[in-house]
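Computed from the coordinates by the stated procedures, all read-outs in this text should not be read as laboratory data. Given the structure is predicted, the values throughout are model-derived calculations rather than measurements. We place every Cβ from the backbone using ideal geometry, glycine too, and count neighbours over all the protein chains shown.
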Amino acid sequence: MIQSKEITLVDITKLVFNPNQRSYSVNSIGQVFNGNKVMSVRRGGYKKSYLRVQICRKDYYVHRLVLEAFKGRQQEGMQACHNDGNPLNNAIENLRWDTPKNNSADKIKHGTSGLGQNNAMAKITDIQAKEIAFCYQMVTSIELAKSYNIKPKTIVSIATGKIRTGIVCDNIYKINKEVAQKRIKEARLNGK
C-alpha cells in the first residue's frame with residue numbers, strides 16, 4: 001500500500017520558510033508532489049545516477065526526502081543507503097540510514113563501488129589482475145608490463161596486493177591456467 005506524507009520546507013531544510021506557501025508531499029514509492037501534481041525529477045549527483053527534484057530553486061535528492069519523511073531526520077555520521085544498490089529505486093522499503101562503512105560494504109556487494117575493473121580508470125580486468133598475480137612468480141614485472149601494456153610498478157602493486165586487494169595469489173585457482181601460461185610466453189617474447 002502506498003503511503004503519503006506531507007513535507008514542509010521546514011522539514012526539508014533547516015532554513016525557515018513559510019510552510020503555507022506551497023504544499024509538498026512525498027509518498028512511500030519515491031514520488032514527490034507539489035499539491036496534487038507529481039513533480040518532475042532529474043538525475044544528479046555521483047555519476048548522475050540519483051533522482052532529484054527542485055523545490056524553491058534548490059535541489060533535493062528524492063531518496064533523502066523519502067527517508068526524512070518516513071524514517072526521520074538523518075543522524076550525524078549516517079548516510080542514505082539503497083538496499084538493492086539501484087539509485088533509481090526510492091521506495092521506502094529499499095532505503096535506510098546507515099554508517100558510511102556499511103554503505104561502502106553495500107557498494108562492494110552490489111558491484112557499484114568503483115573498485116577493480118569497475119573503476120573508470122582501470123586498464124585491466126579483474127581476470128587479468130589474477131593472471132598477473134599468478135604469472136608474477138615466474139616472469140619479471142617488466143616482461144608482464146609489456147604484455148599487459150601497463151607500468152612495471154603497477155604489476156608489482158597488483159602482485160603484492162597493494163592494489164586490487166583480494167586478487168593476490170590465493171585466488172590463482174580461479175583463473176584459466178592455460179591463459180596464464182600463454183601470457184607468460186607472450187611476456188617472455190615481448191621482453192626480448
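Pairwise alpha-carbon distances in the range 50-146 exceed 18 Å for 61% of all pairs. For the range 127-158 versus the range 25-97, the inter-centroid distance based on Cα atoms is 44 Å. Between the beta carbons of Lys58 and Ser23, assuming R0 = 22 Å, the FRET efficiency works out to 0.85 to the nearest 0.05.
With Cβ to Cβ distances under 12 Å as the rule, what net charge do the other residues near Val62 carry (K, R +1; D, E -1)? Computed value for this residue: +2.
Amide H contacts of Leu95: Asn83, each under 5 Å away and 5 or more positions distant or on a separate chain (H built 1.01 Å from N in the peptide plane; Pro and chain starts excluded). Pairs spanning more than 19 Å between alpha-carbon atoms, out of Lys162/Lys182; Lys123/Lys162; Lys107/Lys130; Lys130/Lys185; Lys130/Lys162; Lys101/Lys153: Lys162/Lys182; Lys107/Lys130; Lys101/Lys153. The packing ranking, built from the mean of other Cβ atoms within 10 Å per residue, places the peptides 126-134, 81-89, 54-62, 23-31 in the order 126-134, 23-31, 81-89, 54-62, highest first.
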